[in-house]
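Here it is, the structure in full.
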Amino acid sequence: AVSIRLSQCAKSFANGTRALQPLDLQIHPGETLVLLGPSGCGKTTTLRMIAGLEFPDEGGRVLFGEEDVTMLPIEKRGVGMVFQNYALFPNMSVGENIAYGMKIRKIAAGERAERVERLLEMVHLQGLSHRRVDQLSGGQKQRVALARALAMEPRVLLLDEPLTALDAKLREAVRSDLNKLLRSLGITAIYVTHDQGEAMALGDRIVVMERGKISQIGTPQEIYYHP
Ligand code: ADP
Ligand code: ADP
């Protein structure tokens, strides 16, 4: 698993919004780091900078291990992403959605099929390869999105409010499975949420953000247990 380092990553947008103050952050190999904070505090901007969907202002650096990825676009970084709204292709089957990136990378059909089967098992959707995604529940859709993100064997998994669109019962089930999966994969993961319970349940460490700054960082116990 890869470590990630943000060094002096600030972000202002063209309209003058200062989304992030210069931010330093070290993410350990294989940990799940949660970015927690209220709407507008800069969580998604931070995640998008790690993904390569936004670039830090002059002087900011993003490193994956020893590699400076600051100017590399998303497809060169080896990141997988999962979003709140799934962003699946509605007219494709579950299998086609998961296989999409592999097909573009010209991974052979046999290998694709094997990986799709393995991924379906991993997210507990065995046997649903041929189902159209618009016939799935929200929880199942998010499992497909997760499988699709993992299909390209990313170095880093980025999750932006992946459970927010689900009702309470599904949220619980997907969260529990996601937790086990992140731990068994040992992949470096960054997880954005505004929900303290999710942060506590999923984070090895939690970064609390306020108005474009880190206000606290530590394990769930360090942050929430005050004897
Ligand atoms: P969070 O994910 O914590 O809700 P964001 O990172 O999305 O916060 O946003 C941080 C701040 O930057 C907010 O004030 C938001 O309105 C602003 N912002 C985000 N994206 C843009 C953009 N493309 N252009 C202008 N302002 C933006
Ligand atoms: P079908 O096999 O009926 O055409 P699928 O939903 O299985 O429909 O998806 C077919 C496409 O998606 C294939 O071209 C392949 O790229 C990929 N794919 C997804 N799952 C599988 C699978 N289990 N076996 C083979 N290809 C798969």
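Just so you know, all these numbers are worked out from the coordinates, no wet-lab data involved. Note that this is a predicted model, so its numbers are computed, not measured. Neighbour counts are summed over all protein chains in view; Cβ atoms, including those assigned to glycine, are modelled from backbone coordinates with ideal geometry.
Take the Cβ-Cβ distance between Ala173 and Lys213 as r, set R0 to 35 Å, and report the resulting FRET efficiency rounded to the nearest 0.05.
The pair Ala173/Lys213 has a calculated efficiency of 0.55.
Something else now. Given a cut-off of 16 Å, what percent of all Cα-Cα pairs of region 118-227 lie beyond it?
Percentage above 16 Å: 62.
In addition: For a quick check, take a GNM of the chain with Cα springs below 10 Å and name the residue from Ser12, Ser39, Ser184 with the largest mean-square fluctuation.
Ser184
Also, I was wondering about something else. Which is the longest part of the chain that has none of the trypsin sites (Lys or Arg not before Pro) sitting in a DSSP loop with at most 15 other Cβ atoms within 10 Å?
Of all site-free stretches, the longest is 1-104.
May I ask you to derive the FRET efficiency for Glu111 and Lys76 from their Cβ-Cβ distance with R0 = 22 Å, giving the value to the nearest 0.05?
0.50
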